[in-house]
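These notes concern the structure reproduced below.
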Amino acid sequence: MASLSQFLLFFSFLFCLKNTFPVLGFQSNFALFPVAKDAATLQYVARISHGAPLGSTDLVVDLGGSFLWMDCNSGHVSSSYRLISSCSVNCSRAKFHDLGSTSCLLNTNCYVSPYNGVTGSTSMGELVEDVIAVDSVDPSDVGQSTTVDHFLFACASTFHLQGLASGAKGMMGLGKASISLPSQLSSSIGHPQKFSVCLSSSTGVLLTGSGDTVFGTKIARSLAYTPLITKQNDYFINVQSIKINGRRLAVHEQGKLEAKLSTVVPYTTMVSSVYAIFSKAYVDAATKMNMTRVETVAPFGLCFSSKGPLVPEIYLVLQSEMVKWRIQGRNSMVKVSEESMCLGFLDGGLEQSSPIVIGGLQMEDNLLEFDIGSSMLGFSSSLLLKETTCSSSLQDSKLKQFF
């Protein structure tokens, strides 16, 4: 009897979770959020509309963030947000992976731990719910704006904004947690459990759901796919080998090259042992192409004269030789002056937790589809190879009114 009672209790809990976010009265393909790159911090900033009266707030995009958090006392202040009880199902949902914070006290608020992915700091914040407005959720009426009720996020202190882009009032978490932005919109709007990002040095986009309507079937169907690994709330892919101008590097001795994807790191970083092999091979390839090394500019380790149109091509070989992430030109080099450019791959030090962290520069103008339901990552490699960019694809689509 005890085991049956426990089963029924567990089933009831799952049922409550399933119905925590009511599905709206229609099905949708996607919801979109414009994303701009902040020139000073190189962070990617998305805008969200929320509250009553409806107002906008800028948030730094964090691929590995557990949930959306913001400073609720500055910028747009909503009069409609409601505090969540510590004994509610929503509080349990928010703390599902936080085993040390599962207790509750009657008549107390739910506290969670907003994480600043830029500074690596954690603070305490109250879990709240409010209304958010979502653009273009109805594929039959592109441009329609619809409100989503009971959206959960955390209120953090103003001090927790340290390190974020000027004007940003928090961070938008896109991790696999049950109250991340993609998870909540998938539940409340009813679109597929996936999201896409197409970052740009100018105008990019974050889409939850299917992006075919925005980028067209030609680009969407050209994506290559590799298994997507999640740890905590971060996303990883396995890199079998690295090639520069077709030459395979001897990095297999370093073991499995697990690569974390991060929007809060501006350039790809490698653990020192991998970077040493990579940088030497890159210099060898550059020398064969008659590239001239020049004085380095912090934080970069390798800089070259910008004279000459070509630079070595970098390939991340994934599950097989047939599946490769191609990195070249604009995704590998950073122009630091009229005369010089630097390689946008950095030494992450001896203690870097992941052998490789793929940063924002390498993800720009690359359509990335995070299919959470099937645990697969779709990637286009550089859209420049297809004679387009994230920004121009958006301008050419039916959604250009938003950008």
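The values are calculated or read from the model by the stated rules, or taken from the named source; none is laboratory data. Treat the numbers as computed from the prediction; the structure is a model and nothing was measured. Neighbour counts are summed over all protein chains in view; Cβ atoms, including those assigned to glycine, are modelled from backbone coordinates with ideal geometry. Protein only, heavy atoms only, side chains kept; ligands, DNA and RNA dropped before computing areas. Shrake-Rupley method; radii C 1.70, N 1.55, O 1.52, S 1.80 Å.
Please indicate, with yes or no, whether at least one residue in the range 245-255 is under 30 Å from Val60 (Cβ atoms) and not charged (D, E, K, R). Give the derivation first.
Filtering the range 245-255 for residues under 30 Å from Val60 (Cβ atoms) gives none.
No, there is no match, as no residue in the range 245-255 is under 30 Å from Val60 (Cβ atoms) and not charged (D, E, K, R).
Scanning the range 158-179 for residues that are modelled with pLDDT of 95 or more, closer than 19 Å to Asp130 by Cα and not hydrophobic (A, V, I, L, M, F, W, C) returns Lys169, Gly170, Gly173.
Just checking, does the range 133-152 include any residue being aliphatic (A, V, I, L, M), within 22 Å of the chain's Cα centre (by Cα), open to solvent by less than 40 Å² (accessible area, probe 1.4 Å) and modelled with pLDDT of 95 or more? Within the range 133-152, one or more residues are aliphatic (A, V, I, L, M), within 22 Å of the chain's Cα centre (by Cα), open to solvent by less than 40 Å² (accessible area, probe 1.4 Å) and modelled with pLDDT of 95 or more. On the stretch given as the range 250-263, residues that are of a type outside the set (Gly, Ala, Ser) and buried (at least 18 other Cβ atoms within 10 Å of the Cβ) total 5. Scanning the range 104-124 for residues that are under 22 Å from the mean Cα position of the chain (by Cα) and not in a loop (DSSP other than H, G, I, E, B) yields Val112, Tyr115, Asn116, Ser121, Thr122. The residues listed here are Ile242, Ile229, Ile189; of these, the one that is surrounded by 19 or more Cβ atoms within 10 Å (Cβ to Cβ), assigned by the TED database to the domain that holds Leu316 and not acidic (Asp, Glu) is Ile242.
Let's see how each residue does on (1) outside any helix (DSSP H, G or I); (2) touching a Leu at 6+ places or on another chain (Cβ under 6 Å):
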{"residue": "Leu207", "(1), (2)": "yes, yes"}
{"residue": "Thr230", "(1), (2)": "yes, no"}
{"residue": "Phe236", "(1), (2)": "yes, no"}
{"residue": "Lys243", "(1), (2)": "yes, no"}
{"residue": "Ala259", "(1), (2)": "yes, no"}
{"residue": "Val274", "(1), (2)": "no, no"}
{"residue": "Ile277", "(1), (2)": "no, yes"}
{"residue": "Thr287", "(1), (2)": "no, no"}
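All of Ser354, Ser381 fail the test of being open to solvent by less than 20 Å² (accessible area, probe 1.4 Å), touching an Asp or Glu at 6+ places or on another chain (Cβ under 6 Å) and more than 30 Å from Ser56 (Cα to Cα), apart from Ser354. Scanning the range 58-76 for residues that are in a strand (DSSP E or B) and surrounded by 24 or more Cβ atoms within 10 Å (Cβ to Cβ) gives Leu59, Val60, Val61, Asp62, Trp69, Met70.
Pairs meeting the criteria (first residue in the range 311-338 and assigned by the TED database to the domain that holds Gly359, second residue open to solvent by 20 Å² or more (accessible area, probe 1.4 Å) and acidic (Asp, Glu), beta carbons under 6 Å, at least 6 apart or on different chains) are Gln328/Glu313.
Among the strands (runs of 3 or more DSSP E) contained in the range 344-389, which hold 2 or more residues that are within 16 Å of the chain's Cα centre (by Cα)? Break it down into steps so the answer makes sense when it comes.
Numbers: elements: 345-347, 356-358, 368-371, 376-379.
The strands (runs of 3 or more DSSP E) meeting that bar are 356-358, 368-371, 376-379.
Applying a threshold of 9 Å to beta carbon distances and a minimum spacing of six or more residues, or different chains, the list of pairs starting in the range 381-393 at a residue that is at positive phi and ending at one that is at pLDDT 80 or above and open to solvent by less than 20 Å² (accessible area, probe 1.4 Å) reads Ser381/Trp325; Ser381/Ile327; Ser381/Asn331; Ser381/Asn366. Looking across the range 53-78, the residues that are touching a residue at least 40 places away in the same chain (Cβ under 8 Å) and aliphatic (A, V, I, L, M) come down to Leu54, Leu59, Val60, Val61, Leu63, Leu68, Met70.
Among the residues of the range 301-322, write down those that are assigned to a loop (DSSP other than H, G, I, E, B) and either open to solvent by less than 20 Å² (accessible area, probe 1.4 Å) or more than 22 Å from Leu384 (Cβ to Cβ) (or both). Spell out how you get there, then give the answer.
The initial filter retains those residues of the range 301-322 that are assigned to a loop (DSSP other than H, G, I, E, B), namely 301-302, 306-313, 318-322.
Those that are assigned to a loop (DSSP other than H, G, I, E, B) and either open to solvent by less than 20 Å² (accessible area, probe 1.4 Å) or more than 22 Å from Leu384 (Cβ to Cβ) (or both): Gly301, Leu302, Pro312, Leu318, Gln319, Ser320, Glu321.
Screening Val297 with (1) surrounded by 15 or more Cβ atoms within 10 Å (Cβ to Cβ); (2) in contact with a Cys (Cβ under 8 Å, 6 or more places away or on another chain) gives one miss only, at (1).
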